[in-house]
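Bear in mind that the values in this text are calculations on the coordinates, not laboratory data. Since we're looking at a predicted model, the values are computed, not measured. Using ideal geometry, Cβ is built from the backbone for each residue, glycine included, and neighbour counts are taken over all protein chains shown.
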Amino acid sequence: MTRILLLGGTTEASRLAVALAEAGMDGVFSYAGRTARPVTQPLPLRVGGFGGGEGLAAFLKAEGITHVIDATHPFAAQMSANAVYACERANVALCALERPAWQAQLSDDWRHVDNLAEAVEALPEVGARVFLAIGKQNLAAFAGKPGNHYLLRLVDPPEGQIPLPDKTVEIARGPFDVAGDRALLQAHGITHVVSKNAGGSGAEAKLQAARDLGLPVIMIARPKVPQRLTFGTVPAVMAWLSGRPDHGAEPSA
Ligand code: 3Y8
Ligand code: NAP
């Protein structure tokens, strides 16, 4: 009997949850509990960490999970690594639902960096007006360049101090649209955009807005995750679950 654990937290995960519920499949949707009021899902929900790879392996056994679908964000590298480890330990089938990375277009001015520290280095020392659309977990790194103004977009109001002296906080939850992001960048006189290469449509608007306004984008490359079976679409995942061979899968690069 198929019983699915869907590791969520992206637009694609929410779309897959709808497909699974519509197909009447037995499963549970899992959030890390990063935000105060996560989107409701059409599957039974569990929220919070599992306690590392071992904790996840124990969960899989205790819950009789037969298939894990890792539809977490490309930057949720720890969760993805834990899922590979736990599924091997518990002998449970695993696939990832992952959206392709964004590619720069001819008119784009992207500065590619490999990590957060390099993104900070890529900024001017002073006087820039920077749109940090990277959530709240990575803001402290930018305290290294306090002479810039930072526009922060967060899902929830920050608890406690954010170590950036010159900042504006915008509370908003995606998916975002181009007109809204263009207006936001113009209203704040933004000179630089910092973005994770999340892929997908929910976070893409700021890149189009930057393109329209001729602004440079500092693009942070995705962290490495262990090799696992990976699909790019919800139908391919549904075909894999049904055991149909036409799922056209290939291990992720
Ligand atoms: C808790 C679930 C859905 C999924 C929607 C997508 C799109 C909107 C755009 C910007 C970029 C950012 C951030 C972002 C987007 C989607 C998707 C996406 C980026 C929710 C969600 C959870 C989270 C966690 C949150 C992180 C933060 C990252 C904000 C729900 C809304 C920056 C990633 O304040 C915090 O602590 C936020 C933490 C992890 C990155 C970070 O490191 O801070 N996502 N985002 C998930 C959980 O608890 O397991 O609350 O409803 C999901 C979505 N956020 O259901 O339709 O698919 O990517 N999320 C990034 O892409 O760079 C915002 O502002 O332009
Ligand atoms: P992460 O750094 O890879 O994970 C850190 C720990 O959080 C994991 O080891 C796990 O705790 C717990 N965790 C992460 N995702 C979980 C899930 N879906 N269900 C249960 N526990 C989870 O992850 P992250 O980058 O903080 O992302 C957290 C969540 O936000 C994920 O759902 C992700 O899809 C979503 N999200 C992240 C980003 C981003 O930019 N990172 C963007 C959009 C959405 P234990 O070790 O205790 O099991």
Classify the range 18-75 as rounded, prolate or oblate from the Cα gyration tensor: take a ≥ b ≥ c as the square roots of its eigenvalues, call it rounded if a/c is under 1.5, otherwise prolate when a/b beats b/c and oblate if not.
oblate
Filtered hits (lysines, Cα-Cα < 18 Å from LYS206, offset >= 8 within chain) -> LYS136, LYS196
Between the Cα axis of helix 52-62 and the main Cα principal axis of the chain, the angle (0 to 90°, nearest 10) is 30
Using Cα centres only, tell me the gap between the range 213-243 and the range 14-44 in whole Å.
18
Return the sequence-ordered ³J(HN,Hα) values of the range 31-41 in whole Hz as given by the Karplus equation 6.51 cos²θ - 1.76 cosθ + 1.60 applied to θ = phi - 60°, using x for Gly and Pro.
10, 6, x, 6, 10, 5, 10, x, 4, 6, 10
Could you work out the relative contact order of the range 22-137, using alpha carbon pairs under 8 angstrom and six or more residues apart, expressed as a whole percent?
18
In what sequence, highest mean first, do 37-47, 191-201 appear when ranked by Cβ atoms within 10 angstrom?
191-201, 37-47
Kindly write out, for the range 150-167 in residue order, the coupling ³J(HN,Hα) from the Karplus curve 6.51 cos²θ - 1.76 cosθ + 1.60 (θ = phi - 60°), rounded to whole Hz, with x marking Gly and Pro.
10, 9, 9, 10, 10, 6, 10, x, x, 8, x, 6, 9, x, 10, x, 10, 9
The chain: relative contact order from alpha carbon pairs under 8 Å, six or more residues apart, as a whole percent, is 20
Helix 11-22 axis, angle to the chain major axis (alpha carbon atoms, nearest 10°):
30
Compute the angle between helix 178-187 and the longest alpha-carbon principal axis of the chain, please, reported from 0 to 90 degrees and rounded to the nearest 10.
30
Could you work out how far the C-alpha centroid of the range 176-212 sits from that of the range 49-68, in angstrom?
37
Ranked list, fewest to most other Cβ atoms within 10 Å of each Cβ, for PHE50, PHE29:
PHE50, PHE29
